[in-house]
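**Q** The structure's right below; bear with me while I get my questions together.
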Amino acid sequence: MTDSVTITRPDDWHLHLRDGDALTTVVPHTAAQFGRAVIMPNLKPPITTVRQAQDYARRIRAARPEGSAFEPLMTLYLTDNLDPQEIRRAKDTHGSGGDGQVVAVKLYPAGATTNSAAGITDMHKTYKVLEVMQREGLLLLVHGEVTSPTIDLFDREAVFIDSQLIPLRRDFPELKIVLEHITTTQAAQYIRDAGPLMAATITAHHLLYNRNAIFAGGIRPHYYCLPVLKRETHRLALVQAATSDNPRFFLGTDSAPHPAHLKEHATGCAGCYTAFAALEMYAEVFDAANALDQLEAFASFNGADFYGLPRNQGGVTLRRESWLAPRSFAFGDAELTPLRAGETLAWKIQ
Ligand code: NCD
Ligand code: ZN
Ligand code: ZN
């Protein structure tokens, strides 16, 4: 039995940090584990200009612990009327080093998830912007769920792939696309078959849990996220994909903090907070699958390679060691209840 694993410092390719006081809680958690993280733009109001993204990057940097080299990689929020000029400005930030590189644009179907009201109502409205992105080499990151109330919640990802993603892929064959936080057998299969410019992130919670977790012993809002957890067969397909040595699957926590009182609510918010122990949770999954030797590619190589960024220097070591996850963290004026609150974790970063 392996009791210790050392990997090149990993990156988180899908992260929510929020803003203001929240940053002082969540930025140090991510900075302790990851070299870089792709920061989601779904603030209120959303980050839609390069100037806003760079100001936000400065606030994130200011919340890092002394001496931290953690770097946020910024994204723009795609709306029906994003100015294609912003894509050129984003391109100009590349290689600028230090001042908030804008590496990607995030597509939320309007109404699909937290703070997505300003999202896309019709894919075709984005085509002018996507043409410029394809030309300039900016990535498109996709929350892949249809929003129609007539489509069953558990089918929304699979229906999105068939009705939206396949046509998009066909119309922009040179665009790099990441299908974010995949949750289904269909998504894993689609990515596997889709060729070199199509990749997917996978969260720790979708690798650890199936949908029973949301209802075990009563409704458990801290296990509610979007896309929602699926059946066990889907979880197994995700574990298979993550541990399969396919370079187009990589780590994206989708760690998404919300005040505890807004999750423990009649209409609780979607999002699981995992950043405080993300790598430990992934290690648990890879260990259970007898695939700890695949963790480094998934966590530290595949994402950087797909984004065309250098791999990190330095490393992190995880040891098999039981410890208790905190019950909560201070979160501005509120509390933040993490996933696994008060429960045992099996691995610990040194
Ligand atoms: C995310 C959030 O809270 O911002 N929530 C979630 O359940 N994943 C939004 C998202 O990534 O869809
Ligand atoms: Zn999402
Ligand atoms: Zn997310």
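The values are calculated or read from the model by the stated rules, or taken from the named source; none is laboratory data. These numbers come from a predicted model, not from an experiment. Positions of Cβ are backbone-derived with ideal geometry, glycine not excepted, and every protein chain shown enters the neighbour counts. Areas reflect the complete protein model, heavy atoms only, side chains present, ligands, DNA and RNA absent. Shrake-Rupley method; radii C 1.70, N 1.55, O 1.52, S 1.80 Å.
**Q** Sort out which residues of the stretch 264-284 are farther than 19 Å from Ser328 by Cα and either open to solvent by 10 Å² or more (accessible area, probe 1.4 Å) or under 14 Å from the mean Cα position of the chain (by Cα) (or both), and write them in order of number. Let's see the steps before the verdict.
**A** If we filter the stretch 264-284 for residues that are farther than 19 Å from Ser328 by Cα, which is where we start, we get 266-267, 282-284.
Matches in the stretch 264-284: Ala266, Thr267, Tyr282, Glu284.
**Q** Let me ask something additional. Which numbered condition trips up Leu175, out of (1) closer than 15 Å to Thr48 by Cα; (2) in a loop (DSSP other than H, G, I, E, B); (3) in contact with a Leu (Cβ under 7 Å, 6 or more places away or on another chain)?
**A** Against the list (1) closer than 15 Å to Thr48 by Cα; (2) in a loop (DSSP other than H, G, I, E, B); (3) in contact with a Leu (Cβ under 7 Å, 6 or more places away or on another chain), Leu175 comes up short only on (1).
**Q** Would you kindly identify the helices (runs of 4 or more DSSP H) lying entirely within the stretch 199-300 that contain at least 2 residues that are touching a strand residue (DSSP E or B) at 6+ places or on another chain (Cβ under 6 Å)? Spell out how you get there, then give the answer.
**A** On the way: elements: 204-208, 232-242, 260-263, 278-288.
Per the criteria, 232-242, 278-288.
**Q** For Glu180, work out the one condition from (1) within 16 Å of ligand 3 (Cβ to nearest atom); (2) acidic (Asp, Glu); (3) more than 23 Å from Leu107 (Cβ to Cβ) it doesn't fulfil.
**A** Against the list (1) within 16 Å of ligand 3 (Cβ to nearest atom); (2) acidic (Asp, Glu); (3) more than 23 Å from Leu107 (Cβ to Cβ), Glu180 comes up short only on (3).
**Q** Take Ala204 and decide whether it is within 16 Å of ligand 3 (Cβ to nearest atom), hydrophobic (A, V, I, L, M, F, W, C) and in contact with a Pro (Cβ under 9 Å, 6 or more places away or on another chain). Outline the logic, then answer.
**A** Details: within 16 Å of ligand 3 (Cβ to nearest atom): yes; hydrophobic (A, V, I, L, M, F, W, C): yes; in contact with a Pro (Cβ under 9 Å, 6 or more places away or on another chain): no.
Judged against the criteria, Ala204 is not a match.
**Q** Another question, if that's okay. Name every residue in the stretch 1-26 that is within 16 Å of ligand 1 (Cβ to nearest atom) and open to solvent by less than 50 Å² (accessible area, probe 1.4 Å), in order of residue number. Spell out the reasoning first.
**A** First, the residues of the stretch 1-26 that are within 16 Å of ligand 1 (Cβ to nearest atom): 12-20, 22-23, 25-26.
Selection gives Asp12, Trp13, His14, Leu15, His16, Leu17, Arg18, Gly20, Ala22, Leu23, Thr25, Val26.
**Q** If I filter the stretch 119-129 down to residues being surrounded by fewer than 18 Cβ atoms within 10 Å (Cβ to Cβ) and in a loop (DSSP other than H, G, I, E, B), which single residue comes out as farthest from ligand 2 (Cβ to nearest atom)? Step through it out loud before you land on a result.
**A** Taking the stretch 119-129 first, the residues surrounded by fewer than 18 Cβ atoms within 10 Å (Cβ to Cβ) are 121-125, 127-128.
Then drop every residue that is not in a loop (DSSP other than H, G, I, E, B), which leaves 121-122.
Working: Thr121: 17, Asp122: 19 Å.
If we take residues in the stretch 119-129 being surrounded by fewer than 18 Cβ atoms within 10 Å (Cβ to Cβ) and in a loop (DSSP other than H, G, I, E, B), then Asp122 is farthest from ligand 2 (Cβ to nearest atom).
**Q** State whether the residues of the stretch 159-169 include one that is within 20 Å of the chain's Cα centre (by Cα), β-branched (Val, Ile, Thr) and either away from ligand 1 (no atom under 15 Å from the Cβ) or farther than 22 Å from Tyr307 by Cα (or both).
**A** Yes; the residues of the stretch 159-169 include at least one that is within 20 Å of the chain's Cα centre (by Cα), β-branched (Val, Ile, Thr) and either away from ligand 1 (no atom under 15 Å from the Cβ) or farther than 22 Å from Tyr307 by Cα (or both).
**Q** Separate question: Only one of these is more than 16 Å from ligand 3 (Cβ to nearest atom), touching a helix residue (DSSP H, G or I) at 6+ places or on another chain (Cβ under 6 Å), open to solvent by 10 Å² or more (accessible area, probe 1.4 Å) and not basic (Lys, Arg): Leu318, Leu309, Leu324, Leu292. Name it. Before the answer, list the steps.
**A** Working: Leu318 fails: open to solvent by 10 Å² or more (accessible area, probe 1.4 Å); Leu309 fails: touching a helix residue (DSSP H, G or I) at 6+ places or on another chain (Cβ under 6 Å); Leu324 fails: touching a helix residue (DSSP H, G or I) at 6+ places or on another chain (Cβ under 6 Å).
Result: Leu292 is the single residue among Leu318, Leu309, Leu324, Leu292 that is more than 16 Å from ligand 3 (Cβ to nearest atom), touching a helix residue (DSSP H, G or I) at 6+ places or on another chain (Cβ under 6 Å), open to solvent by 10 Å² or more (accessible area, probe 1.4 Å) and not basic (Lys, Arg).
**Q** If you check His261, His181, His206, His222, which single one turns out to be within 16 Å of ligand 1 (Cβ to nearest atom), surrounded by fewer than 22 Cβ atoms within 10 Å (Cβ to Cβ), under 19 Å from the mean Cα position of the chain (by Cα) and not aliphatic (A, V, I, L, M)? Give the steps one after another, and end with the answer.
**A** Numbers: His261 fails: under 19 Å from the mean Cα position of the chain (by Cα); His181 fails: surrounded by fewer than 22 Cβ atoms within 10 Å (Cβ to Cβ); His206 fails: surrounded by fewer than 22 Cβ atoms within 10 Å (Cβ to Cβ).
Selected residue: His222, the only one of His261, His181, His206, His222 that is within 16 Å of ligand 1 (Cβ to nearest atom), surrounded by fewer than 22 Cβ atoms within 10 Å (Cβ to Cβ), under 19 Å from the mean Cα position of the chain (by Cα) and not aliphatic (A, V, I, L, M).
**Q** Let me ask another. Determine, yes or no, whether Val132 is on the phi < 0 side of the Ramachandran plot, at pLDDT 95 or above, part of a helix (DSSP H, G or I) and within 16 Å of ligand 2 (Cβ to nearest atom). Give the derivation first.
**A** Numbers: on the phi < 0 side of the Ramachandran plot: yes; at pLDDT 95 or above: yes; part of a helix (DSSP H, G or I): yes; within 16 Å of ligand 2 (Cβ to nearest atom): no.
When the stated conditions are applied, Val132 does not pass them.
**Q** Separate question: Could you check, for the stretch 17-28, whether at least one of its residues is under 20 Å from the mean Cα position of the chain (by Cα), more than 27 Å from Gln313 (Cα to Cα) and among the basic types (Lys, Arg)? Break it down stepwise before answering.
**A** Residues of the stretch 17-28 under 20 Å from the mean Cα position of the chain (by Cα): 17-19, 22-28.
If we keep only those that are more than 27 Å from Gln313 (Cα to Cα) as well, we get 18-19, 22.
After this cut, where a residue has to be among the basic types (Lys, Arg) as well, the list is 18.
Looking through the stretch 17-28, at least one residue is under 20 Å from the mean Cα position of the chain (by Cα), more than 27 Å from Gln313 (Cα to Cα) and among the basic types (Lys, Arg).
Conditions (1) of a type in the set (S, T, N, Q); (2) under 30 Å from Gly315 (Cα atoms); (3) at pLDDT 95 or above, marked per residue:
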{"site": "Glu71", "(1), (2), (3)": "no, yes, yes"}
{"site": "Leu78", "(1), (2), (3)": "no, no, yes"}
{"site": "Arg88", "(1), (2), (3)": "no, no, yes"}
{"site": "Gly95", "(1), (2), (3)": "no, yes, no"}
{"site": "Gly100", "(1), (2), (3)": "no, yes, no"}
{"site": "Gly119", "(1), (2), (3)": "no, no, yes"}
{"site": "Tyr127", "(1), (2), (3)": "no, no, yes"}
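**Q** Sticking with this structure for a sec: Among the aromatic types (Phe, Trp, Tyr) and either at pLDDT below 95 or away from ligand 2 (no atom under 14 Å from the Cβ) (or both): does that describe Tyr190?
**A** Values: among the aromatic types (Phe, Trp, Tyr): yes; either at pLDDT below 95 or away from ligand 2 (no atom under 14 Å from the Cβ) (or both): yes.
It is true that Tyr190 is among the aromatic types (Phe, Trp, Tyr) and either at pLDDT below 95 or away from ligand 2 (no atom under 14 Å from the Cβ) (or both).
**Q** Mind checking which residues of the stretch 80-118 are of a type in the set (S, T, N, Q), open to solvent by 10 Å² or more (accessible area, probe 1.4 Å) and within 16 Å of ligand 1 (Cβ to nearest atom)?
**A** Within the stretch 80-118, Thr113, Thr114, Asn115 qualify.
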